[in-house]
Amino acid sequence: MKNICIIGTGYVGLVSGAGMADFGNSVICADIDTSKIDMLQDGGIPIYEPGLKELVERNVNAGRLSFSTDIAASVKNAEVVFIAVGTPMGDNGEADLKAVEAVATTIAKNLNGYKIICTKSTVPVGTGARLEALITREKESDYDFDVVSNPEFLREGSAVKDFLIPDRVVLGVSNEHAGDVMQEVYRSLFINETPIVVTNVPSAEMIKYASNAFLAVKISFINEMANLADKVGADVHTIARAMGLDGRISSKFLHPGPGYGGSCFPKDTEALVYTGEQYGVDFQVVKAAIGANKHQRDVILAKARELLPELKSKTVAILGLAFKANTDDVRDSPALEIIQGLEEAGAIVKAYDPIASENMKKFFLPDLDTRESVVETVTDADLVIILTPWNELRGLGLEDLKEHLNAPNIVDARNVLSVDKLKEHGYNYRNVGRSNI
Ligand SMILES: NC(=O)c1ccc[n+]([C@@H]2O[C@H](COP(=O)([O-])OP(=O)(O)OC[C@H]3O[C@@H](n4cnc5c(N)ncnc54)[C@H](O)[C@@H]3O)[C@@H](O)[C@H]2O)c1
């Protein structure tokens, strides 16, 4: 088992750090955000992620997991250093690697023995080579190091399970020794016969982008099918189910909605297109998926206008702000653009999310009128729009809900409500690909 340091204690760094500690490694999670580390040292968890608190507690109590703001000391203590800082979208769609490079420089300055430096952040192909050159240039000792790529595939909302029982682990290495050390880090999974793909660094870097871009294409594809289904009286759920029964297609990621969001697909698809341009490769399919995704926000706004042609001074209740259920992450959430579109049209917006309201106000919409419950939010509303498929919203009592509304209008942008029940209770409704069944 290995001494590990993870730099960047966000959604990925914290879950991976706690997960690797659970595999038996000794892990320090480091971050420059002192409030985050203070909170973790006090037993708090800075993000909402089911099962994370228990995983962190278990490993802290076992003495395998600790937290630090002293990045230099954490690097010096480790044989394997993971970089898990953010790689947000830069000006031209490219991945902004400033934080990754800052961390790599700190690692170079604190190289006190042979180390493996592993990118867990999503970084464009070629970054491994770039970091190797940077660290060689910046290091102040003669110690050797290897740069490894170990992209992360966890999904927010089920991150703990995804990390502990992954579909696969991808290791991009440039020599056998680095591969052996990385397999030791993941030894528990190795024993469990989790597929471990060992390849070179550029392939590993590309696997992450290829996977995310493919899933984004799948979502945009089914959204376009849903848009046609709406026009012709077909049911997209039945279409998706029947498509998914074909083993070559699979039923996963064929759920229509307001378009993908979150901290990964939007930026990773743009970054892949940018990388393609650098190499003279035109990613036409991915570009089309990005365009269709942007358009899907307008599709939802158009559905709102179908039910309420004049939005000015009308009250719209937004149910769900997180980009998906079971997370507090609102980065690139469809709710952002849809709320902005409604407000531009003069609507009065009230919003509710079981977990993510605080983040939406803190990071993006400080003036948003958020409420503490569904009932409070929908009271006197002229239109309800469901944007996140939280279980709480799946279970909405439609009869009771109607009593609170000014008018029984619902856009169910996640198809969580029963069409039969909506009809039974006399709602005017739109959903995505099932409105005319
Ligand atoms: N969130 C996901 O679902 C997910 C899944 C797979 C891969 N990824 C990738 O993982 C990476 C991290 O994503 P995230 O969602 O965990 O981001 P995040 O914003 O939640 O966390 C990043 C952390 O890095 C810290 N940080 C920034 N600069 C630093 C520095 N110089 N030194 C130390 N710490 C620093 C920040 O304070 C923050 O706590 C990204 O590249 C992302 O694309 C994310």
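Throughout, read-outs are computed from the coordinates displayed, never taken from laboratory work. Because the structure is a prediction, the values reported are computed rather than measured. With ideal geometry, Cβ positions are generated from the backbone for all residues, glycine too; neighbour counts draw on all protein chains shown.
Among rounded, prolate and oblate, which fits region 169-247 when a ≥ b ≥ c are the square roots of the eigenvalues of its C-alpha gyration tensor, a/c under 1.5 means rounded, and a/b larger than b/c means prolate? Judged from the Cα gyration tensor, region 169-247 comes out prolate (a/c at least 1.5, a/b above b/c). Taking a ≥ b ≥ c as the square roots of the eigenvalues of the Cα gyration tensor, an a/c ratio below 1.5 marks region 3-199 as rounded. A Cβ-based charge dipole, computed about the Cα centre of region 309-437 with Lys and Arg at +1 and Asp and Glu at -1, lands at about 360 debye. Counting every alpha-carbon pair across region 1-79, the share separated by more than 18 Å comes to 29%.
Taking Cβ atoms as reference points and 10 Å as the exclusive limit, the residues near Ala413 contribute a net charge of +3, counting Lys and Arg as +1 and Asp and Glu as -1. Calculate log10 I(q)/I(0) of region 258-430 for q = 0.10, 0.11, 0.19, 0.20 Å⁻¹, where I(q) comes from the Debye formula with a single equal point scatterer on each Cα and nothing for solvent. Debye output, listed in q order: -0.39, -0.47, -1.21, -1.32. Placing R0 at 56 angstrom, the Cβ-Cβ distance between Glu358 and Asp420 gives a FRET efficiency of 0.95 after rounding to 0.05. You can think of it this way: the chain between Lys294 and Met39 has 88.1 nm of extra reach, that is 0.36 nm per residue less the Cα-Cα gap.
When the dipole is taken about the Cα centre of the chain, and only Lys, Arg (+1) and Asp, Glu (-1) are charged at their Cβ, what size is it in debye, to the nearest 20? With Lys and Arg at +1 and Asp and Glu at -1, about 720 debye.
Rounded to the nearest 20 debye, the dipole magnitude of region 3-199 is 140 debye, with +1 charges on Lys and Arg beta carbons, -1 on Asp and Glu beta carbons, and the Cα centre as origin. Based on C-alpha pairs under 8 angstrom that are at least 6 apart in sequence, region 3-199 has a relative contact order of 20 percent. Among the lysines of region 277-375, pairs at least eight places apart or on separate chains and with Cα atoms under 27 Å apart come to 26. With the simple model of a label 7 Å out from the Cα in the direction of the Cβ, Glu306 to Asn428 spans 1.2 nm. Charged neighbours of Pro124, selected by a Cβ distance under 12 Å, balance to -3 (K, R count +1; D, E count -1). In plain terms, the residue of Leu383, Leu55, Leu401 with the fewest other Cβ atoms within 10 Å comes first and the most crowded comes last, giving Leu401, Leu55, Leu383. Using a cutoff of 8 angstrom between alpha carbon atoms and counting only pairs six or more residues apart, the relative contact order for the chain works out to 13 percent.
Calculated mean residue ellipticity, 222 nm, the chain: -13500 deg cm²/dmol, from DSSP H runs (n ≥ 4) at -39500 (n - 2.57) each, averaged per residue and rounded to 500. In percent, rounded to a whole number, the relative contact order of region 307-369 is 39, using alpha-carbon pairs under 8 Å and six or more apart. The alpha carbon gyration tensor of the chain gives principal lengths a ≥ b ≥ c with a/c of 1.5 or higher and a/b greater than b/c, which makes the shape prolate. Among the lysines of region 3-199, pairs that are 8 or more positions apart or on different chains and have alpha carbons within less than 24 Å of each other number 21.
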